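A.B. asks: Sharing a structure with you now.
The values are calculated or read from the model by the stated rules, or taken from the named source; none is laboratory data. Because the structure is predicted, anything quoted here is derived from the model rather than measured. Here the Cβ is made from the backbone with ideal geometry for all residues, glycine too, and neighbour counts use every protein chain on show. Just the protein is used for accessible areas: all its heavy atoms, side chains included, with ligands, DNA and RNA removed. Shrake-Rupley method; radii C 1.70, N 1.55, O 1.52, S 1.80 Å.
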Amino acid sequence: MGVICGGFLRDTWDRATDRCFRFFPCLSDPARRSTLCLKVALVTLHLIFPGVLFAFDKDLIDRTREDPWYTALYLLLFIATLAQYFLTSGTSPGYVLDAQKAVDERDALVRRTSLDSKQPASSKNGSVVITVDQNQSGRNYQRSNVTAWTKLAMDLYPPGSSIRTWTCSYCNIVQPPRAKHCHDCDKCVLQFDHHCVWLGTCIGQRNHCRFWWYILEETTLGLWTSILYIVYLKSNISKAWWVDVIMILLLGTLSISLIFLLLLLLFHSYLVVTNQTTYELVRRRRVPYLRGVPQRVYPFSKGLCRNLYLFCCARNSILQMEPMPSAQELEEKSRPYTCLDIFSCRCC
């Protein structure tokens with residue numbers, strides 16, 4: 001009898017699951033299902049903390065009636081934080097495959113245009129010279145079977161580099177410097193930082209700036225909410241004890257999360273001003289293009305002001321890739337700062 005009941009319940013559960021997957025195909029993928037559950041959990045936590053506060057804090061409700069702008073600013077920050085979370089999670093980190101398609105399509109368009117206008121191409125044997133940086137001139141590849149993306153990616157490495165060394169064994173595509181294959185996304189990511197479980201996506205070239213703003217908004221929201229909890233406990237500590245226990249537990253959880261957010265914000269701010277990624281900092285000795293670089297030298301740093309500009313304003317282009325610095329540039333970066341360098345704005 002128990003076996004029959006168990007089989008009936010199992011069949012009912014399987015039919016219900018298949019029907020759910022039919023209406024919601026995204027739930028059939030275990031990875032996407034876990035990501036969706038994490039997003040629902042995060043939104044629920046965001047609703048619980050201020051919801052409990054507004055449910056028990058009558059002083060806050062009275063203050064809202066007297067000064068509605070105070071609560072309006074808080075709710076605006078709350079909505080902006082959730083909006084930034086979904087915007088960041090839905091933004092592509094910048095995949096190498098997308099960059100390859102863009103480069104190859106542009107190369108095909110240039111070829112068609114040159115053939116239609118009956119003008120010679122920009123290089124011999126049908127190859128195209130693509131210049132990435134003004135300080136590093138493009139190199140001509142005489143082999144016509146090498147794609148435009150391969151030429152572009154290899155121009156970013158020092159002369160004599162082997163294509164096989166920088167080809168991803170999973171995607172079978174040449175990786176530019178600072179790119180890495182993400183095993184969770186199963187794609188190569190430009191300027192790979194890390195794979196964020198809470199966001200369900202990688203943090204890379206195109207969404208690192210948005211990720212930093214999300215951390216800032218989340219930290220501000222958590223700090224503001226903690227202050228509201230502390231104000232409530234100071235003025236209502238002698239009232240219903242069970243309410244105080246709930247508020248203290250929530251405040252303790254919020255404080256732990258706030259400490260983590262503050263450390264994360266400071267860490268990524270340090271990465272921004274030095275033009276590094278989490279992967280490059282944590283796995284510096286394992287990254288092939290950083291093995292010969294001294295420990296305290298930031299090879300991709302262009303100064304504080306330039307780093308901030310590139311991070312905030314120039315990361316939207318999927319083709320914005322940085323070449324490996326030359327030996328002379330690395331030697332210049334390793335030179336200690338002097339008072340004259342500070343006055344000449346070398347650090348900027």
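A.B. asks: As an exercise: evaluate Gly252 against (1) at pLDDT 90 or above; (2) of a type in the set (Gly, Ala, Ser); (3) open to solvent by less than 20 Å² (accessible area, probe 1.4 Å) and give the number of the one condition it does not meet.
C.D. replies: Every condition holds for Gly252 apart from (3).
A.B. asks: Looking at (1) open to solvent by 20 Å² or more (accessible area, probe 1.4 Å); (2) assigned to a helix (DSSP H, G or I); (3) in contact (Cβ under 8 Å) with a residue 60 or more places away in the chain, find the lone condition where Asp184 falls short.
C.D. replies: (2)
A.B. asks: Let me spell it out: the conditions are (1) over 19 Å from Pro177 (Cα atoms); (2) open to solvent by less than 80 Å² (accessible area, probe 1.4 Å); (3) of a type outside the set (A, V, I, L, M), and Tyr309 meets all of them except one. Which number is the exception?
C.D. replies: That leaves (2) as the condition not met.
A.B. asks: Within segment 223-249, how many residues are open to solvent by 80 Å² or more (accessible area, probe 1.4 Å) and modelled with pLDDT under 90?
C.D. replies: 6
A.B. asks: Those residues that are open to solvent by less than 40 Å² (accessible area, probe 1.4 Å), β-branched (Val, Ile, Thr) and modelled with pLDDT under 90, I need them from segment 49-73; list them, please.
C.D. replies: Of everything in segment 49-73, just one residue is open to solvent by less than 40 Å² (accessible area, probe 1.4 Å), β-branched (Val, Ile, Thr) and modelled with pLDDT under 90, namely Thr64.
A.B. asks: For residues in segment 42-85 being without any contact (Cβ under 8 Å) to a residue 24 or more places away in the chain and of a type in the set (Gly, Ala, Ser), which is farthest from Trp213 (Cα to Cα)?
C.D. replies: Only one residue tops the list, namely Ala55.
A.B. asks: Hey, can you tell me all the residues within segment 283-312 that are closer than 16 Å to Tyr270 by Cα and β-branched (Val, Ile, Thr)?
C.D. replies: Of everything in segment 283-312, just one residue is closer than 16 Å to Tyr270 by Cα and β-branched (Val, Ile, Thr), namely Val297.
A.B. asks: Could you please find all residues in segment 20-48 being farther than 19 Å from Gly222 by Cα, open to solvent by 50 Å² or more (accessible area, probe 1.4 Å) and modelled with pLDDT of 65 or more?
C.D. replies: Arg32, Arg33, Ser34, Leu36, Cys37
A.B. asks: What number of residues within segment 248-262 are among the small types (Gly, Ala, Ser) and touching a residue at least 40 places away in the same chain (Cβ under 8 Å)?
C.D. replies: 0
A.B. asks: Here's a follow-up. Just one of the numbered conditions (1) part of a loop (DSSP other than H, G, I, E, B); (2) modelled with pLDDT of 85 or more; (3) among the basic types (Lys, Arg); (4) over 30 Å from the mean Cα position of the chain (by Cα) is not true of Arg143; which one?
C.D. replies: Going through the list (1) part of a loop (DSSP other than H, G, I, E, B); (2) modelled with pLDDT of 85 or more; (3) among the basic types (Lys, Arg); (4) over 30 Å from the mean Cα position of the chain (by Cα), Arg143 breaks only (2).
A.B. asks: Out of all the residues in segment 77-119, which are in contact with a Cys (Cβ under 7 Å, 6 or more places away or on another chain) and open to solvent by less than 70 Å² (accessible area, probe 1.4 Å)?
C.D. replies: Passing the criteria: Pro93, Tyr95, Val96.
A.B. asks: Go through segment 187-218 and give me each residue that's open to solvent by 10 Å² or more (accessible area, probe 1.4 Å), of a type in the set (D, E, K, R) and in contact with a helix residue (DSSP H, G or I) (Cβ under 7 Å, 6 or more places away or on another chain).
C.D. replies: Lys187, Arg210, Glu217, Glu218, listed by residue number.
A.B. asks: In segment 263-306, which residues are open to solvent by 80 Å² or more (accessible area, probe 1.4 Å) and either under 29 Å from Cys168 (Cα atoms) or free of Cβ contacts under 8 Å to residues at least 40 places away in the same chain (or both)?
C.D. replies: Within segment 263-306, Leu263, Leu266, Tyr270, Val282, Arg283, Arg285, Arg286, Arg291, Gln295, Arg296, Lys302 meet the criteria.
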